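This report refers to the structure that appears directly beneath it.
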Amino acid sequence: MLEQVREHGTTFLQARLEKVDVSAGRVEAVRLREGGREIRISTPSLVNAAGPFLPHVARMMGIELPISHELHIKIAFRDPLRVVARDAPLLIWTDPTKLPWSPEEAATIARSEETRPLLDEFPSGVHARPEGGPDSDVVLVLWTYDVRPVQPVFPFAVDPHYPEIAFRGLAVMIPGLSAYFGRLPKPVVDGGYYTKTRENRPLIGPLPVKGGYLIGALSGYGIMASCAAGELLAAHLTGSPLPSYAPAFALDRYQDPEYRKLLEKWEDTGQL
């Protein structure tokens, strides 16, 4: 896709967006910073696709967005004992659980106020899958047990206990992983933010400022939904006929009294 848009004459510029010029309720230009140089680009259209920084860019146009952010971390570890089968599917544990500690470990953990929460019950949701082909021994583990909203920052801080919490949580589902207790394979830790709306539907479509558009809040399903989301946004931009489901993702859905009533009864968001 990247090569195709280049073939159609698209110019790519890596710079920091510092300001959006809005006049008479419509987008006029963007101001970028590239090193010490300011660049002003006149444009009648601006797509806010800033991921976790969607609200930051929207505020440049005087718009507040109804979204929040969760930090989602994952670990990758090597499994030389092949406890996790290489042809295993995505594995998800849907029950709350307590981490498996030996009596000695539990006694040590209980002595410190900082570590004592490690003995509490954790929510459901630890999930894992093998990564790579049959010759690989890498396993990915994800468990967002802390879903408190946060403000996005880079680089982000990671709880130093997270790798062992995630690993031991997975061991509840796959007891054979207990063979690594006390000598946990050195993990690679990374992650990012889930940017989401209250009901976990994305925002795709026009903004209240004429010429402004939005695509984001795709939560944890961005890769799966990105092509369809981009197609819907393109229809808005080009004035093409919109599919019947377009209003379900528009920002102005929150102005609909019937939709707001629906939100009050919304229970399952499908969030993993």
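The values are calculated or read from the model by the stated rules, or taken from the named source; none is laboratory data. Bear in mind that the values here come from a model prediction, so they are computed numbers and not experimental data. Cβ: placed from backbone, ideal geometry, glycine included. Neighbour counts: every protein chain shown.
Within this structure, Tyr254 passes the test of being in a helix (DSSP H, G or I), surrounded by 12 or more Cβ atoms within 10 Å (Cβ to Cβ) and either in the same structural domain as Asp146 (by TED's automatic domain parsing) or of a type in the set (Phe, Trp, Tyr) (or both).
Among the residues making up the stretch 192-219, those that are part of a strand (DSSP E or B) and farther than 17 Å from Val147 by Cα are Leu203, Ile204, Gly205, Pro206, Lys210, Gly212, Tyr213, Leu214, Ile215, Gly216.
A quick yes/no check of all residues on (1) in contact (Cβ under 8 Å) with a residue 12 or more places away in the chain; (2) in a strand (DSSP E or B):
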{"residue": "Glu114", "(1), (2)": "no, no"}
{"residue": "Pro134", "(1), (2)": "yes, no"}
{"residue": "Val139", "(1), (2)": "yes, yes"}
{"residue": "Thr144", "(1), (2)": "yes, no"}
{"residue": "Gly176", "(1), (2)": "yes, no"}
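Going residue by residue through the stretch 216-230, is there one that turns out to be among the aromatic types (Phe, Trp, Tyr) and farther than 30 Å from Pro55 by Cβ? For the stretch 216-230, residues among the aromatic types (Phe, Trp, Tyr) and farther than 30 Å from Pro55 by Cβ: absent.
Of the residues that sit in the stretch 136-152 and are at pLDDT below 95 and among the charged types (D, E, K, R), which one is surrounded by the fewest Cβ atoms within 10 Å (Cβ to Cβ)? So, considering only residues that are at pLDDT below 95 and among the charged types (D, E, K, R), the one surrounded by the fewest Cβ atoms within 10 Å (Cβ to Cβ) is Arg148.
For Asp135, the requirement of being among the acidic types (Asp, Glu), more than 25 Å from Ala225 (Cβ to Cβ) and not assigned by TED's automatic domain parsing to the domain that holds Ala50 is met. When the stretch 8-37 is filtered for residues that are among the acidic types (Asp, Glu) and at pLDDT 95 or above, the ones remaining, listed by number, are Glu18, Asp21, Glu28.
Results for (1) touching a helix residue (DSSP H, G or I) at 6+ places or on another chain (Cβ under 9 Å); (2) aromatic (Phe, Trp, Tyr), shown as yes or no for each residue.
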site: Pro152; (1), (2): yes, no
site: Phe156; (1), (2): no, yes
site: Leu170; (1), (2): yes, no
site: Ser178; (1), (2): yes, no
site: Pro187; (1), (2): yes, no
site: Gly192; (1), (2): yes, no
site: Thr195; (1), (2): yes, no
site: Leu207; (1), (2): yes, no
site: Lys210; (1), (2): no, no
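Looking at Pro130, Pro149, can you tell me which residue is assigned by TED's automatic domain parsing to the domain that holds Pro89, not hydroxyl-bearing (Ser, Thr, Tyr) and not in a loop (DSSP other than H, G, I, E, B)? Exactly one residue qualifies, and that residue is Pro130.
Going through (1) surrounded by fewer than 17 Cβ atoms within 10 Å (Cβ to Cβ); (2) of a type outside the set (Val, Ile, Thr); (3) not in a loop (DSSP other than H, G, I, E, B) one by one, Glu70 falls short only on (1). Residue check: is Pro80 in contact (Cβ under 8 Å) with a residue 12 or more places away in the chain, in contact with an Asp or Glu (Cβ under 6 Å, 6 or more places away or on another chain), assigned to a loop (DSSP other than H, G, I, E, B) and surrounded by fewer than 18 Cβ atoms within 10 Å (Cβ to Cβ)? Yes; evaluated as a whole, the condition is true for this residue. Please verify whether the stretch 220-236 includes one or more residues that are in a strand (DSSP E or B), surrounded by fewer than 18 Cβ atoms within 10 Å (Cβ to Cβ) and either in contact (Cβ under 8 Å) with a residue 60 or more places away in the chain or not hydrophobic (A, V, I, L, M, F, W, C) (or both). The answer is no, given that none of the residues of the stretch 220-236 is in a strand (DSSP E or B), surrounded by fewer than 18 Cβ atoms within 10 Å (Cβ to Cβ) and either in contact (Cβ under 8 Å) with a residue 60 or more places away in the chain or not hydrophobic (A, V, I, L, M, F, W, C) (or both).
Per-residue answers, yes or no, for (1) outside the structural domain of Gly212 (by TED's automatic domain parsing); (2) over 30 Å from Leu118 (Cα atoms); (3) of a type in the set (Ser, Thr, Tyr); (4) without any contact (Cβ under 8 Å) to a residue 60 or more places away in the chain:
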| residue | (1), (2), (3), (4) |
| --- | --- |
| Gly51 | no, yes, no, no |
| Leu54 | no, yes, no, no |
| Met60 | no, yes, no, yes |
| Pro89 | yes, no, no, yes |
| Leu99 | yes, no, no, no |
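Scanning the stretch 102-112 for residues that are among the acidic types (Asp, Glu) and either part of a loop (DSSP other than H, G, I, E, B) or surrounded by 12 or more Cβ atoms within 10 Å (Cβ to Cβ) (or both) yields one hit, Glu105.
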